[in-house]
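Shown next, in structure tokens, is the structure this report addresses.
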Amino acid sequence: MRLFLFPLLLVIAACGEQEANQQAVAQTANADVVEMQNNTVDTVAAETARLNEWFDEQYVEQLDFSPQTKTRLGDKSDYGSLNDYSVAGLDEQLQWRRQSVATMQTNFDYELLNEDGKLSYDMWSYSLDRAEAGVPFRQHGYIFGRGGPHASLPNFLINYHRVDDASDIEAYLSRLGELDRVFAELLERARAASEAGIRQPAFAYDFAMTEIDRVTSGVPFNTNDSSPNSPIWTDIQGKIEALLETELISGDQAQDYIAQAQEILAGEVMSSYREILAWLEQDKAFASDMSQGVWALPDGENYYNYRLAQMTTLEFTADEIHEIGLAEVERLHLAMEEIMTAVDFGGSLQDFFVFMREEDRFYFPNTDEGRQDYLDLNNQYLDSITLKLSDYFGRLPKAQLEVRRVEAFREQAGAAQHYASGTPDGSRPGVFYSHMSDMSTLPIFQLEDVAYHEGNPGHHMQISIQQELTGVPRFRTQYRTTAYTEGWGLYAEWLAKEMGAFEDSYSDFGRLSGELWRAIRLVVDTGIHAKQWGEERAVQYFIDNSAQAEGAIRSEIQRYITGPGQATAYKIGMMKFQELRRNSESALGTNFDIRAFHDVVLGAGALPMPLLESRVDRWIEEVQTELN
């Protein structure tokens with residue numbers, strides 16, 4: 001028996017030794033895998049960090065092309081310069097972007113980047129793709145049209161050129177001295193476009209000439225004793241006086257700066273404006289009195305398709321967008337009929353539109369007191385919604401928000417209210433602007449809705465959070481796509497209802513009116529530019545299907561005529577946000593976290609919609625993996 005057991009023990013011993021060896025091999029292999037994984041993680045982190053550093057270097061170079069963008073960001077380098085608007089300048093920027101993307105593709109391994117690094121890489125490439133797509137249509141944009149550089153450059157100096165010391169006033173004067181160069185570059189491009197048969201409708205010429213008249217009315221452009229100060233003269237005097245009061249300059253310096261400004265404005269700047277006015281008057285004779293869409297321009301169909309892709313970042317045809325708009329108008333009308341029933345209104349929906357449009361109680365008086373009441377009510381709604389933000393967002397903006405009336409020289413009765421972002425460092429607040437020259441275009445029942453769109457949780461929140469992002473390349477904090485930005489603004493209106501806003505039925509009707517307004521845009525924008533609708537047909541469709549005031553409608557339609565495709569971005573973008581949220585809720589069920597979802601969609605900047613969808617899909621997979 002013992003003799004039999006001995007070889008058996010040897011076998012057992014051998015098996016144990018073999019098992020031990022196998023365990024040792026397995027442990028070594030596992031260690032190798034862990035080490036390899038760690039090395040991979042380190043490699044990915046290093047490559048992504050290297051790319052991010054390179055992006056920041058590239059963004060500094062990119063900003064050198066635009067001293068005005070630097071100023072808007074609170075950066076005072078190149079403070080005395082304006083942008084290069086020449087064709088050669090455009091070519092130089094495009095060539096720089098081409099070289100930048102080529103360098104990125106050569107020097108960085110896409111597969112070694114983390115997901116956020118890949119996102120930055122894709123965004124940088126996407127920007128070049130869109131810039132290349134726009135090259136054939138450079139002449140199609142109407143330069144001296146509604147809100148063109150003749151008005152936007154004075155607005156830039158007044159609202160963005162901050163003056164803290166004498167050097168800043170000298171930079172201001174330098175920029176005044178650059179206006180004639182800029183206007184000459186832009187006028188050369190406008191003339192070339194006209195020669196190519198690309199002209200805006202006649203009303204846009206009139207609009208531009210009226211804007212120029214408002215900018216140049218008064219001293220120092222007109223020196224009659226009864227003339228008031230022009231807006232830019234009022235601005236520069238105020239900024240010089242502020243330095244004098246704080247003893248940062250002497251009285252003699254102040255007088256010298258005033259004299260220099262007067263000489264530049266009354267001389268070369270006024271001469272440039274006269275040249276632009278003369279050209280506008282002359283070229284208007286060749287423009288069509290009919291308010292036609294871009295279908296009437298050379299290669300107009302392709303231009304409109306380019307604009308739709310540029311604005312929506314999605315692949316929709318004009319016909320598809322038109323049909324989406326028609327369906328949404330019908331759906332929203334049904335929702336409005338429910339409110340009409342709730343307030344015991346007898347009559348048709350069209351009757352209700354007329355009632356809402358014409359009832360005096362829905363408008364503040366056209367007085368300074370009425371305008372102040374309008375601003376005060378905006379602030380009340382914004383203060384109230386701010387208290388609820390933390391229930392729906394983990395990430396909140398730090399920047400301050402102000403509500404203001406648009407400056408008189410650029411105010412347009414019925415024009416859309418809008419938001420202007422602050423500086424990333426908070427030194428200039430974000431501003432929600434209202435055109436208030438005609439209070440009959442600003443219905444009270446829409447006030448709450450517009451406040452959420454332009455303020456919180458809309459544009460101010462989204463753009464401020466984007467500018468305050470850390471840990472991403474700097475260019476992503478300033479990257480803009482219209483479908484994302486405006487789509488978020490409209491989504492924010494819809495979200496505010498979920499947050500407990502719109503307790504008043506008429507204000508809730510205003511919310512639906514805001515969404516209906518954007519749905520109508522899908523119909524009329526494509527109608528004008530792809531289906532050859534005239535201005536009056538578009539106006540009538542808008543009047544028949546909404547409660548908007550006719551003055552506001554006419555202003556809107558002219559905006560769509562001169563800015564093809566832009567109006568489609570709001571509703572298309574909103575619907576994409578809603579789709580991504582529905583997909584997330586369906587995939588995650590009870591594990592869906594609204595705060596986390598909003599942090600994901602706001603936490604990477606204003607992405608093109610396909611890249612945003614990929615980001616949300618990855619987040620869903622990560623949450624599901626953690627749960628499993």
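The values are calculated or read from the model by the stated rules, or taken from the named source; none is laboratory data. Please read all numbers here as calculations on a predicted model, not as lab measurements. Note that we place each Cβ from the backbone using ideal geometry, even for glycine, and neighbour counts take in every protein chain shown.
The rows are residues; the columns are (1) modelled with pLDDT of 95 or more; (2) within 22 Å of the chain's Cα centre (by Cα).
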| residue | (1), (2) |
| --- | --- |
| Gly514 | no, yes |
| Ile520 | yes, yes |
| Val539 | yes, no |
| Phe542 | yes, no |
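List, please: which pairs have Cβ atoms under 6 Å, are six or more places apart or on different chains, and start with a residue in the stretch 545-570 that is free of Cβ contacts under 8 Å to residues at least 40 places away in the same chain and not assigned by TED's automatic domain parsing to the domain that holds Asp449 and end with one that is among the aromatic types (Phe, Trp, Tyr) and surrounded by fewer than 22 Cβ atoms within 10 Å (Cβ to Cβ)?
No pair meets every condition.
Identify the single condition in (1) more than 22 Å from the chain's Cα centre (by Cα); (2) not in a helix (DSSP H, G or I) that Phe144 does not satisfy, given that it satisfies every other one.
(1)
Checking the condition under 26 Å from Gly565 (Cβ atoms) and either of a type in the set (Gly, Ala, Ser) or touching a Leu at 6+ places or on another chain (Cβ under 7 Å) (or both), which residue from Ala296, Ala342, Ala278 passes? Walk me through how you get there before you give the answer.
On the way: Ala342 fails: under 26 Å from Gly565 (Cβ atoms); Ala278 fails: under 26 Å from Gly565 (Cβ atoms).
Result: Ala296 is the single residue among Ala296, Ala342, Ala278 that is under 26 Å from Gly565 (Cβ atoms) and either of a type in the set (Gly, Ala, Ser) or touching a Leu at 6+ places or on another chain (Cβ under 7 Å) (or both).
Return yes when Val329 is modelled with pLDDT of 95 or more and of a type in the set (A, V, I, L, M, F, W, C) and no when it is not. Working first, answer last.
Details: modelled with pLDDT of 95 or more: yes; of a type in the set (A, V, I, L, M, F, W, C): yes.
Judged against the criteria, Val329 is a match.
Do we have any residue at all in the stretch 193-211 that's surrounded by fewer than 16 Cβ atoms within 10 Å (Cβ to Cβ) and of a type in the set (A, V, I, L, M, F, W, C)?
Here is the first cut: in the stretch 193-211, the residues surrounded by fewer than 16 Cβ atoms within 10 Å (Cβ to Cβ) are 195-197, 206, 210.
Filter once more, so that each one left must be of a type in the set (A, V, I, L, M, F, W, C): 196.
Within the stretch 193-211 (the criterion being surrounded by fewer than 16 Cβ atoms within 10 Å (Cβ to Cβ) and of a type in the set (A, V, I, L, M, F, W, C)), the answer is yes, since at least one residue qualifies.
Could you tell me which residue of the stretch 306-317 is farthest from the chain's Cα centre (by Cα), considering only residues that are surrounded by fewer than 22 Cβ atoms within 10 Å (Cβ to Cβ) and within 12 Å of Thr568 (Cα to Cα)? Quick ask: steps written out before the conclusion?
So the first thing to find is which residues in the stretch 306-317 are surrounded by fewer than 22 Cβ atoms within 10 Å (Cβ to Cβ), and the list is 306, 309-310, 314-317.
From the residues that got through so far, the ones that are within 12 Å of Thr568 (Cα to Cα) too are 309-310, 314, 316-317.
Details: Ala309: 16, Gln310: 13, Leu314: 17, Phe316: 20, Thr317: 22 Å.
Per the stated criteria, the residue is Thr317.
Which residue pairs have Cβ atoms under 6 Å apart, sit 6 or more places apart or on different chains, and have a first residue in the stretch 431-450 that is more than 19 Å from Ala547 (Cβ to Cβ) and a second that is of a type in the set (Gly, Ala, Ser)?
Val431/Ala420; Phe432/Gly455; Ser437/Ala413
Just the residues that are closer than 18 Å to Ile143 by Cα and of a type outside the set (Val, Ile, Thr), please, taken from the stretch 67-93. Spell out how you get there, then give the answer.
Restricting attention to the stretch 67-93, the residues satisfying the condition of being closer than 18 Å to Ile143 by Cα are 68, 82-91.
Matches in the stretch 67-93: Gln68, Leu82, Asn83, Asp84, Tyr85, Ser86, Ala88, Gly89, Leu90, Asp91.
Which of the residues spanning the stretch 344-378 are of a type in the set (Val, Ile, Thr) and surrounded by 13 or more Cβ atoms within 10 Å (Cβ to Cβ)?
Looking only at the stretch 344-378, we keep the residues that are of a type in the set (Val, Ile, Thr), and these are 354, 367.
Across the stretch 344-378, the qualifying residue is only Val354.
For the stretch 379-386, indicate whether the set of residues that are in a loop (DSSP other than H, G, I, E, B) and either surrounded by fewer than 20 Cβ atoms within 10 Å (Cβ to Cβ) or within 20 Å of the chain's Cα centre (by Cα) (or both) is non-empty.
Going residue by residue through the stretch 379-386, those that are in a loop (DSSP other than H, G, I, E, B) are none.
Taking every residue of the stretch 379-386 in turn, none turns out to be in a loop (DSSP other than H, G, I, E, B) and either surrounded by fewer than 20 Cβ atoms within 10 Å (Cβ to Cβ) or within 20 Å of the chain's Cα centre (by Cα) (or both).
Could you tell me how many of the residues in the stretch 468-484 are assigned to a helix (DSSP H, G or I), surrounded by fewer than 21 Cβ atoms within 10 Å (Cβ to Cβ) and under 13 Å from the mean Cα position of the chain (by Cα)?
Number satisfying all stated conditions: 2.
If you go through the stretch 61-74 one residue at a time, do you hit one that is at pLDDT below 95, part of a loop (DSSP other than H, G, I, E, B) and not assigned by TED's automatic domain parsing to the domain that holds Pro473?
Keep residues of the stretch 61-74 that are at pLDDT below 95, which gives 72-74.
Adding the requirement that they be part of a loop (DSSP other than H, G, I, E, B) leaves 73-74.
From what is left, the residues that are not assigned by TED's automatic domain parsing to the domain that holds Pro473 are 73-74.
The answer is yes; a qualifying residue exists.
Being of a type in the set (A, V, I, L, M, F, W, C), crowded, with 18+ Cβ neighbours inside 10 Å, in a loop (DSSP other than H, G, I, E, B) and modelled with pLDDT of 95 or more is the requirement here; does Leu51 meet it? Working first, answer last.
Working: of a type in the set (A, V, I, L, M, F, W, C): yes; crowded, with 18+ Cβ neighbours inside 10 Å: yes; in a loop (DSSP other than H, G, I, E, B): no; modelled with pLDDT of 95 or more: yes.
Judged against the criteria, Leu51 is not a match.
Test Asp84 against the stated conditions and say whether it is at positive phi and either assigned by TED's automatic domain parsing to the domain that holds Pro473 or not small (Gly, Ala, Ser) (or both). Quick ask: steps written out before the conclusion?
Numbers: at positive phi: no; either assigned by TED's automatic domain parsing to the domain that holds Pro473 or not small (Gly, Ala, Ser) (or both): yes.
No, not satisfied.
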